[in-house]
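Colleague: Have a look at this one.
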Amino acid sequence: MKMVSQHVVVAALAAAFGLLIGGLIGHFGTQTITSQDQEKISMMEKLVADKWVQEEHLNQRIIDLVNTDNLRNNLKELTRKPHLAGTPRDDELARLVQERFLQAGFDTADLVPYNLLLSRPDFNNPNLVTLQDGTGTIVFTSAYSEKPLQADDDDPNFVHAFSGYAPAGDVSSAKGMGVIYVNYGRVEDFDKLEEFGVNVSGSIVIARYGKIFRGNKLAHAQERGAKGVILFSDPEDVAQEGVEPQKVYPNTWWLPGSGIQRGTTFMGDGDPLTPGWPSTEHAYRLKVEEADLPKIPCQPIGYDDAKVILEKMGGKAAPDEWKGGITGINYNLGPDFLPQYSEYTLRLQTHNSLNVYRSYNVIGIIKGNVEPDRYVLVGNHRDSWGYGASDPSSGTAQLLETARVFGQLMKEGWRPRRTLVFCSWGAEEYALIGSTEWVEEHVDKLQERSVMYLNTDTCASGPIFNARASPLLRDSILKISKLVPGVRDGPTLYDEWAAYHAVRNKTTPEVKTLGSGSDYVPFSFYCGIPCMDIWFRVDKNKHDISTYASYHTGYETFYMIDKNVDPGFRIIQGCSRVASLFLKYFADSAIIPYSLEHLPRTMKKALKKLKANGNAQKLLNIYDKFPILEESLDNFTDVVTVFAHNLKTIQDDLNPVTLRAINDQIMKLEQAFILPEGLPGRPDVRHAVFASSQFDSYSSSGFPGISDLLYNMDKLDSTETKIREKEIRRHISDLTIIVQRATSLLKEFHFI
């Protein structure tokens, strides 16, 4: 469909609108204009006005309003005490956020409670890793909390180190053997161990953090038969400039040896007991044993303690690329201990428990004055594993300042065209729970009315701007970044961003699609609502590490941000400026400013990548109709190209009815890729084109259902292969149909 006749329809409607206005003017020209008549004229003008263009002067006003002193004060209060989900301090901060929204002049600000299954360690019986010699004497006991290194580090309510949702357990190695080093615990790492003849079944494995989600590490170990997991942060990833005191916190942003990364290991999203449904008072709940929770114990430790274990391990030496930065050890694989430790045993004891706690979302609303039933959403979670200075409190500090900025604009007479929804999520750290439960409760309304969702989990963990998004939002973030002053030495944020990517031979900044890991997940992967996730991260041109060093540790403090990461608070200021302008752009533009042509373009790149390494022929052998999917995608690309071109030529002549109809068309475009039953084997992931990888939740995957189904096919027996091939044929058929549905959405309005 080339949209030629739609162009004619739009032109006709525009002409009719012009005649209507002309008639009104003629009528009013011969009669006195009443206040009611003037109100009608004003409404007609308001319906088609592009406030983003007309109020361009407000962009600089927003930039000027974002205040670094406010941001610093916000962060200081938010990080004053640890605020684990479901604790009294977390509830205090929920009420603080609600109060700030109301002070800003929001129309409403509500506390929304959910009852959630959360995991906690036993404060009186800490989780421990111990080593025992041949006489039964304990010669080593791991630390379960960080050493205080500056005045504000210590708090009596700081949660002991644990892995969320990992069960209570007590497992020991055999005497002199039974501990295996598995590098990062990736699928390829376990496969490599098999090649070396090292069997992890029945052993305790020790893995370093990084590269993939910790829950995947535990799941991979469990699948291979391990009976326990120990996780540690290696200096190669968290202390690259040395482990001496002057080279780590509090003197730099690198992690000292007692730093311990906490975090969830649950592989699902939302409350484990109410999958697919909101965890309200009356909700049906699974029994705990019915929930898909980890089955083996897991405990994180610091790299000082990891050294004590690793230096006693024998067996084959690890490959060079597996060797980290702990000095004085060989990084042997095990499972044997070195001869001098042949009488030693290692014991892993965890005392975690599961209970239901109440946690609050805070939802603040600024009602739109033209399209109040169209939502532009922004969100950041509030809970943390400790002080959470970067994750999430730098994002929450921004959220509060962005709310204040919009409140000031309203005092000066501004109102958004569309409704702005500010969301402070609870219990994100455990499993994106607050956002998932809220989306599950309001899924129909959100799919009908949402324009986009902006996520600002971690505003400041480093100096480099980073954005991941639906392809529909790509051009918008580039546009907004050109308006924002640089946070370092560049004239604009775009200049700094582009310079960073130029070192990587990129002509423009890279905007990747979304993996999992934060509160955009239910909006994107479950609803198909276009999402953007922004944050400032570590400079990977200098330090190629998975995340910032103090992540989820006791050293992620206000001091860390104030002294080492963002002195002057220019980074968080830049984050708030981006968020404010991005929200206004989508709230006030008459036509929703999607990057339409990037959607099929990114889909084609994803399909090309999927077909690499012989997969194209493999898929064709399995399903001879596979080329129809490619043809459908080509057709979708052509139709989107024509639609986008025609839209540019007519956008200044749209009447209210046509404007609304076009926005409705494009709002639904990404939702066409939602499979109601979810991906094969993953019912909570419904986006069939862009979603997280099954084997690394943090990474993104194009056409993830096909990738999942192709995985390890060569290891299946003949019966399993036939079942898998049948699933692949069905999924390719499903994909072909939804691409054709997306194409159909761009037909003329009156065609079905």
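A short reminder: the numbers here are calculations on the coordinates, not readings from a lab. Quantities reported herein were computed from a predicted structural model and do not represent experimental measurements. Using ideal geometry, Cβ is built from the backbone for each residue, glycine included, and neighbour counts are taken over all protein chains shown.
Colleague: What is the order of V405, V639, fewest Cβ neighbours within 10 Å to most?
Modeller: Numbers: V405 25, V639 20.
Sorted ascending by nearby Cβ count, the order is V639, V405.
Colleague: Only bridges with both residues in the range 122-351 count here: give the DSSP antiparallel percent, nearest 5. Provide the component values of the computation, followed by the final result.
Modeller: Details: 17 of 32 bridges.
Looking only at bridges with both residues in the range 122-351, the antiparallel portion is about 55 percent.
Colleague: Separate question: Among all the lysines, which ones have a C-alpha under 21 Å from K722's C-alpha, if same-chain residues fewer than 8 places away are not counted?
Modeller: List returned: K611, K618, K625.
Colleague: When only C-alpha pairs under 8 Å and at least 6 residues apart count, what is the relative contact order of the range 122-351, in percent?
Modeller: On the way: 477 pairs, mean separation 74.5, N = 230.
It comes to 32 percent, rounded to a whole number.
Colleague: Determine which aspartates and glutamates satisfy two conditions relative to K307: a Cα distance under 14 Å, and not lying fewer than 8 residues away in the same chain.
Modeller: Candidates past the 8-residue exclusion: D234, E236.
Colleague: With a cap of 16 neighbouring Cβ atoms within 10 Å, and only residues DSSP puts in a loop, list the trypsin sites (Lys or Arg not before Pro) found in the range 145-252. Write out the running numbers ahead of the final one.
Modeller: Numbers: sites: K175, R186, K192, R208, K211, R214, K217, R224, K227, K247; in loops: K175, R186, K211, R224, K227.
Answer in residue order: K175.
Colleague: Quick one: compute the contact order of the range 598-745, relative version, from alpha carbon pairs under 8 angstrom and 6+ residues apart, as a percent. Before the final figure, lay out each step's value.
Modeller: Working: 127 pairs, mean separation 45.0, N = 148.
Relative contact order here is 30 percent.
Colleague: Sort I260, I363 by Cβ crowding within 10 Å, fewest neighbours at the top.
Modeller: On the way: I260 27, I363 22.
In increasing order of surrounding Cβ atoms, one gets I363, I260.
Colleague: Taking the Cα centre of the chain as origin, sum charge times position over the Cβ atoms of Lys and Arg (+1) and Asp and Glu (-1), and report the length of that vector in debye to the nearest 20.
Modeller: 1080
Colleague: Can I ask one more? Which residues make up the longest stretch of the chain clear of chymotrypsin sites (Phe, Trp or Tyr not before Pro) that lie in a DSSP loop with no more than 15 other Cβ atoms within 10 Å, not counting the sites? Let's see the in-between values first.
Modeller: Numbers: sites that count: F123, F196, Y284, Y711, F749, F751.
Longest gap between qualifying sites, sites excluded: 285-710.
Colleague: Give the angle, between 0 and 90 degrees and rounded to the nearest 10, that separates the Cα long axis of helix 35-48 from the longest principal axis of the Cα atoms of the chain.
Modeller: Its long axis makes an angle of about 50 degrees.
Colleague: Right, next: Counting only DSSP beta bridges with both residues in the chain, tell me the antiparallel percent, nearest 5. It would help to have the intermediate numbers written out before the result.
Modeller: Working: 47 of 80 bridges.
Beta bridges within the chain, antiparallel portion: roughly 60 percent.
Colleague: Compute the acute angle (0 to 90°) between the alpha-carbon long axis of helix 656-667 and the principal axis of greatest extent of the alpha-carbon atoms of the chain; round to the nearest 10°.
Modeller: Helix 656-667 and the main axis of the chain meet at about 20 degrees.
Colleague: Next up: I'd like the GluC sites (Glu not before Pro) in the range 271-341 restricted to DSSP loop residues with at most 12 other Cβ atoms within 10 Å, sorted by number.
Modeller: Hits after loop and neighbour filter: E281.
Colleague: Over the chain, what is the relative contact order in whole percent, taking alpha-carbon pairs under 8 Å and six or more residues apart?
Modeller: 18
Colleague: Identify unpaired cysteines across the chain, taking unpaired to mean no other cysteine Cβ lies under 4.7 Å from the residue's Cβ.
Modeller: If one checks each Cβ against the other cysteines of the chain, C298, C423, C527, C531 turn up with nothing under 4.7 Å.
Colleague: If you don't mind, another one. Test of understanding: what is the full-extension gain from E99 to D652, defined as 0.36 nm times their sequence separation minus their Cα-Cα distance? Provide the component values of the computation, followed by the final result.
Modeller: Details: separation 553, 0.36 × 553 = 199.08 nm, distance 4.10 nm.
Computed gain between E99 and D652 is 195.0 nm.
Colleague: I need the semi-axes of the equivalent ellipsoid of the chain: take the C-alpha gyration tensor, multiply each eigenvalue by 5, square-root it, list largest first in whole angstrom. Present the calculation step by step, with values, prior to reporting the outcome.
Modeller: Numbers: eigenvalues 457, 195, 100 Å².
Sorted largest first and rounded, they come to 48, 31, 22 Å.
Colleague: Simple spin-label model, 7 Å along Cα-to-Cβ: K605 to N124 in nm?
Modeller: It is 5.7 nm.
Colleague: Enumerate the lysines that K367 could reach by cross-link, defined here as Cα to Cα under 24 Å, with residues fewer than 8 away along the same chain left out.
Modeller: K40, K46, K51, K411, K445, K584, K668
Colleague: Something else: Quick one: helix 4-30 against the long Cα principal axis of the chain, what's the angle to the nearest 10°, folded into 0 to 90?
Modeller: Roughly 50 degrees, rounded to the nearest 10.
Colleague: Could you please rank V229, V565, V642, placing first whichever residue has the fewest other Cβ atoms within 10 Å of its Cβ?
Modeller: Numbers: V229 29, V565 24, V642 17.
Exposure proxy ranking, most exposed first: V642, V565, V229.
Colleague: Further, regarding this structure: From the square roots a ≥ b ≥ c of the eigenvalues of the alpha-carbon gyration tensor of the range 122-351, which class results: rounded (a/c under 1.5), prolate (a/b over b/c), or oblate?
Modeller: On the way: a/c = 1.57, a/b = 1.21, b/c = 1.29.
Oblate is the answer for the range 122-351, as a/c is 1.5 or above yet b/c matches or exceeds a/b.
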